[in-house]
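Heads up, the thing below is written out as structure tokens.
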Amino acid sequence: MAVKTVKIGLEVHCQLTSLKSKLFCSCPTDYRGKPPNTNICPVCMGEPGTLPVLNKEALRSAIMIALALHSDISRFTYFTRKNYFYPDMAKNFQISQYDGVGGAPLAKGGYVVLNNGKTVRIRRIQLEEDPARLIYEGSIDTAPSALVDYNRHGIALVEIVTEPDMSSPEEARLFLQKLRSILEHLGVFDGELEGAMRCDANISLEGGVRVEIKNISSYKEVERALMFEITRQSNLLSRGIKIARETRFWDERRRITVSLRTKETEEDYRYFPEPDLPPIVLTDEFLDDVKRKLPMLPDERRRVFVEKYGVSEQNADVLVSDKALADFFEKCLKHYDKAQELSSLLVGDFLAQLHSLNMSIRDVKVSPSQIAKLLKLLDDKVLTGLSAKTVLREMIATGEDPESIIQKKELHRISSRDMLTELVDQVFTMNPKAVEDALVNEKAIHFLVGQVMRMTRGKADPTLVREIVEEKLGKIEPNRVG
Amino acid sequence: MPQKKSITAKDIRHLAWLAKLDLSKKEEETFRSQLSKILEYFSKIDEANTEGLPPTFHVVEQYNIFREDEPCQFPSDLVLQNPPKKKGRFIKAARIV
Ligand SMILES: [Zn+2]
């Protein structure tokens, strides 16, 4: 199948997770793990006679995001009612903003530069309320009614809409990663929280039409959903079947997209200016104040890592793509000043061990000073690189000191020439065929060295072992030739 | 120029679908003629001369009304007294997909 040009745009919804109260009422935001309908009040439940009032900090956070994404902030902005009948909104409308006639979103334009150098343009940024969570008893197709939990309803959401500038599912993931890192650096967002970032995607293949995919619950799912959609659409196109311009739903469990067959059109939402909330006028003073207080963002931080600390560009990219990792790196740096060696350990073995332990950097028990100790032990040749991996894994999982793990597991590097010579002798006796091969074939030398490493469970000094093996081979050779 | 718009039976059926309402043929006709009359009444507004006037989105001259980000737990059990159908602490709603 020929590879077709793909255009992908994203509509990302991020909760402003650092806020303590909802967007338009004082209900607390700590709904995760709470019993259903605990964080609700007459305002977010849309009871008659109540009035919403905008959370000042939410506006400030949204403006920080707009500034960080180089977006053009409206000096005059207001909220819009989006009307629809669905129980995820207690009021039968969502307080949102609108980019069409009669609307005035918070900000327009802007861009994000991905780690692969690509620029993705932003179309608009706006503030709106999060809908409630619906649960269906049994299957969604057969449940007689929906159970609604309004705890999440009214949490502040920032909607970030991109232009269709991404050309692969991988770029969509890179965009979300970069966006997450920017938002986390701003201190307005914690991507680790379940459901804090969700998105819809639109995708079109060359020769096809635009298809929307709703209900993508995380940055991990976005790549999967888009891959599925590309395969589905290219299969149709290659069989000469026309692709329908439609909205589809990502079914995470079955890992497929399903047609939503919606009959709603844009005008059915009857957008109109929200009469309960007065408009917002943003002054230069206010915007300048927010701008002055913007923290260091990933691109700037990457520059510091490379230019000031001497970290390679590749390592710096990985470090700043996760704020928690970059923070951890800087804390370690206080105890160990070889920045490049430190960064290589973190982006290499450290991340690999985290991954295999299925842990997040936030769960690690190991402290920055312990990481520094491990690197010093490596520098002092107390243990081999191979053993260091074992020690690191244990450190991450338990928070134990590297020295005590080395003691306990007897992982000290073996660099006694006598001891290693004895082991090499044993290996030569046990593998006569390999010894013969090694005389003519470089690769068989690796095998012999490998046997010694295996006998010592990775603790032998590999350079010294190789030296001894080569010496021993050198002594055999004249006999054979002669 | 003000434009006369009359509501068709098709419009009514679409509105009923949006509002998740089941209407009989007789009700469709009732609402069609009632809504047409309401629109007709509002079309008087079109006669006003708005030449050169900036559009108004809000009628009250107020701006920047904010509150501080301070949480306050409302006694949610009071709110839960209002919905007619519940299951445990969940509120039951019609299934709409
Ligand atoms: Zn509330």
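Points to keep in mind about this one:
- Degrees separating the helix A:169-186 axis from the principal Cα axis of chain A, which is the longest one: 80 degrees
- Dipole of the protein assembly as shown, positive end: most advanced residue of A:Pro36, B:Phe74, A:Tyr78 [Cβ charges, Cα centre]: A:Pro36
- Positive-pole candidate from A:Val391, A:Phe305, A:Val320, dipole of the stretch A:296-409, charges at beta carbon: A:Val391
- Legend: residues A:Ser238, A:Ser369, sorted from most to least accessible area (1.4 Å probe; ligands, DNA and RNA excluded), read A:Ser238, A:Ser369.
- Normalised Debye scattering of the stretch A:296-409 at q = 0.21 Å⁻¹ gives log10 I(q)/I(0) of -1.15, counting only Cα atoms as equal scatterers and leaving out solvent.
- Once the Cβ-Cβ distance of B:Val60 and A:Glu194 is raised to the sixth power relative to R0 = 30 Å, the FRET efficiency obtained is 0.15.
- Helical mean residue ellipticity (222 nm; -39500 (n - 2.57) per DSSP H run of 4+; nearest 500) of chain A: -12500 deg cm²/dmol
- Rounded to the nearest 10 degrees, the inclination of helix A:385-398 to the longest alpha-carbon principal axis of chain A is 40 degrees.
- Peptide B:74-87, shielding by other chains (average Cβ, 10 Å cutoff): 5
- Fraction of beta bridges assigned by DSSP in the stretch A:105-254 that are antiparallel (%, nearest 5): 85 percent
- Compared with the direct C-alpha span, the chain from A:Arg224 to A:Asn83 gains 47.6 nm at full extension, assuming 0.36 nm per residue.
- Subtracting the Cα-Cα distance of A:Ser369 and A:Asp251 from their residue separation scaled by 0.36 nm leaves 38.0 nm.
- Distance (nanometres) between label positions extended 7 Å along Cα→Cβ at A:Asp327 and A:Lys408: 2.8 nm
- Subtracting the Cα-Cα distance of A:Val304 and A:Ser217 from 0.36 nm times their residue separation leaves 28.0 nm of extension gain.
- Accessible surface, 1.4 Å probe, highest first, among residues A:Tyr271, B:Tyr41: B:Tyr41, A:Tyr271
- Here the spin labels are modelled as points 7 Å beyond Cα on the Cα-Cβ line, and at B:Glu27 and A:Glu400 they lie 7.2 nm apart.
- For the protein assembly as shown, the share of DSSP beta bridges that are antiparallel, to the nearest 5, is 90%.
- Degrees between helix A:442-455 axis and first principal axis of chain A (Cα, 0 to 90, nearest 10): 80 degrees
- Counting only aspartates and glutamates at least 8 places from A:Lys308 when in the same chain, those with an alpha carbon closer than 13 Å to its own are A:Glu300, A:Glu330, A:Asp337.
- Our summary gives chain A a relative contact order of 13 percent, counting only alpha carbon pairs under 8 angstrom and 6 or more residues apart.
- Cα-Cα P(r), the stretch A:6-289, percent of pairs per 5 Å interval: 1, 5, 11, 16, 18, 17, 15, 9, 4, 2, 1, 0
- Remark on A:Glu137: its backbone amide H falls under 5 Å from those of A:Ser145, A:Leu147, a criterion applied only to residues 5 or more positions apart or on other chains, H modelled at 1.01 Å from N.
- Charges were assigned to the Cβ only: +1 to each Lys and Arg, -1 to each Asp and Glu. The resulting dipole of chain A about its Cα centre is roughly 500 debye.
- Each Lys and Arg Cβ is given +1 and each Asp and Glu Cβ -1; about its Cα centre, the stretch A:344-482 then shows a dipole of about 320 debye.
- Peptides ranked, highest mean first, by Cβ atoms within 10 Å: ranges A:198-211, A:256-269: A:198-211, A:256-269
- Ranking A:Leu183, A:Thr257, A:Val161 by how far each Cα lies toward the positive end of the dipole of the stretch A:6-289 (charges on Cβ) leaves A:Thr257 at the top.
- Measuring with a 1.4 angstrom probe and ignoring ligands and nucleic acids, A:Glu313 comes out at about 100 Å² accessible.
- Dimensions in Å of the protein assembly as shown - Rg and Dmax from alpha carbons: 31.9, 117
- Ratio of the Cα radius of gyration of the stretch A:223-340 to 2.2 N^0.38 Å, where N counts its residues: 1.81
- Other residues whose C-beta falls under 13 angstrom from the C-beta of A:Asp289 contribute a net charge of +2, scoring Lys and Arg +1 and Asp and Glu -1.
- Rounded to whole Hz, the Karplus (6.51, -1.76, 1.60) HN-Hα couplings of the stretch A:28-45, x for glycine and proline: x, 9, 7, 7, 5, x, 8, x, x, 6, 9, 8, 10, 8, x, 6, 6, 8
- Computed magnitude of the charge dipole of the stretch A:417-474 (debye, nearest 20; Cβ of K, R +1, Cβ of D, E -1): 280 debye
- Set of the stretch A:176-191 residues, backbone N closer than 15 Å to the point 7 Å along the Cα-Cβ line of A:Asp289: none
- A:Phe79 accessible area, assembled protein chains, probe 1.4 Å, Å²: 0 Å²
- Largest to smallest accessible area among A:Met45, A:Met395, A:Met455, A:Met430 [probe 1.4 Å]: A:Met430, A:Met455, A:Met45, A:Met395
- Surrounding net charge for A:Glu57, when Lys and Arg each add one and Asp and Glu each subtract one, Cβ distance under 12 Å: +2
- Within the stretch B:10-36: backbone nitrogen closer than 19 Å to the A:Glu267 label point (7 Å, Cα to C-beta): B:10-19, B:32-33, B:35-36
- A:Ser18 - accessible surface, heavy atoms, 1.4 Å probe, Å² rounded to 10: 60 Å²
The values are calculated or read from the model by the stated rules, or taken from the named source; none is laboratory data. Computed from a predicted structure; not experimentally measured. Here Cβ is always computed from backbone atoms with ideal geometry, including for glycine, and neighbour counts include all displayed protein chains. In case anyone asks, the SASA skips ligands and DNA or RNA and just uses the protein heavy atoms, side chains included. Shrake-Rupley method; radii C 1.70, N 1.55, O 1.52, S 1.80 Å.
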